[in-house]
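All remarks here apply to the structure that follows.
The values are calculated or read from the model by the stated rules, or taken from the named source; none is laboratory data. Note that the coordinates shown come from a computational prediction; the quantities given were computed from them, not determined experimentally. Every residue, glycine among them, receives a Cβ derived from its backbone with ideal geometry; neighbour counts consider all protein chains shown.
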Amino acid sequence: MSGPGADPLPVEAAYRLWAETYDEENPLTTLDRSAAKFLTPPLAGKALLDAACGTARRLVFDGNAGLRLAVGVDLVFEMLHRGRADAARPRATAAGNLRALPFPSSRFDVVWCRLAAGHLPVLAPLYRELARVLAPEGRAIVSDFHPAAAAAGHRRLFRDASGRSHLVNHVVHQPEAHERAAEAEGLFLESRIDLQIGEDVRPFFERAGALDRYDRDRGLPLLLALRFRR
């Protein structure tokens, strides 16, 4: 996702500004939803944590009725407040940092950390916390902006309520860095998928009058998604 030339906003400031429009889909979130659906194991009777949940919109999905527990945690109050205003969203959300999740050890069967790892300068604290809160045999599903997209000039950005585009500060983490950080904490890779720009996201380019960019970038990996087992 190419974008404006301004300096990127610090993460917390960006997400405070983004809260009002965060629920709007874009190519990256569309691919992320597909990846999570594919990688998440059956959830009936399970406890699920969405770490860096934003407005908790991802916790509303087909099949969530069988969950024993669905919890979201996010650092940005404006995101949580926006989600709590929607009666259809889970009330079980909390303020917290990915480096120090506010939950006891071995609490969750499945943990999502979706499109947030790239906001951390290093991955070790994230995977330490994911491993800590996962129950034995639990699964962690982590997605990130693909390094290949960053190398091709795409950047993390969003549009605020006025329609203005902003860049978000983002650190490129290679897949191998994710795997090393996870393995150091006792999390072992089960699956990796690299989702590309293709027909699933073509409508976004079409509505933006940017089919030339779609043709140029078709086949470029945009999302990295990994599933780890504790």
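Tabulated data for the structure shown
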read-out	value
Filter pass, residue 133 being over 17 Å from the mean Cα position of the chain (by Cα) and crowded, with 19+ Cβ neighbours inside 10 Å	yes
Breaking point among (1) in a loop (DSSP other than H, G, I, E, B); (2) within 16 Å of residue 16 (Cα to Cα); (3) of a type in the set (A, V, I, L, M), for residue 79	(1)
The one condition in (1) among the small types (Gly, Ala, Ser); (2) surrounded by fewer than 17 Cβ atoms within 10 Å (Cβ to Cβ); (3) at pLDDT below 95 that residue 70 fails to fulfil	(2)
Within region 31-62, considering residues that are within 20 Å of residue 200 (Cβ to Cβ) and in a loop (DSSP other than H, G, I, E, B), the one modelled with the lowest pLDDT	62
Filter result (in contact (Cβ under 8 Å) with a residue 40 or more places away in the chain, charged (D, E, K, R) and out of contact with any helix residue (DSSP H, G or I) (no Cβ under 7 Å at 6 or more places or on another chain)) within region 157-179	179
Out of 202, 218, 229, 180, sole residue that is more than 19 Å from the chain's Cα centre (by Cα), at pLDDT 95 or above, closer than 30 Å to residue 129 by Cα and not hydrophobic (A, V, I, L, M, F, W, C)	180
Residue that is nearest to residue 9 (Cα to Cα), among those in region 143-184 that are in contact with a Lys or Arg (Cβ under 8 Å, 6 or more places away or on another chain) and buried (at least 21 other Cβ atoms within 10 Å of the Cβ)	168
Segments classed as strands (runs of 3 or more DSSP E), wholly inside region 90-158, with at least 2 members that are touching a Ser or Thr at 6+ places or on another chain (Cβ under 7 Å)	108-114, 134-145
Residue 194 closer than 25 Å to residue 165 by Cα, of a type in the set (Asp, Glu) and at pLDDT 95 or above	no
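For (1) within 28 Å of residue 160 (Cα to Cα); (2) among the aliphatic types (A, V, I, L, M), each residue gets a yes or a no:
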residue	(1), (2)
66	no, no
82	yes, no
96	yes, no
99	yes, no
105	no, no
117	yes, yes
125	no, no
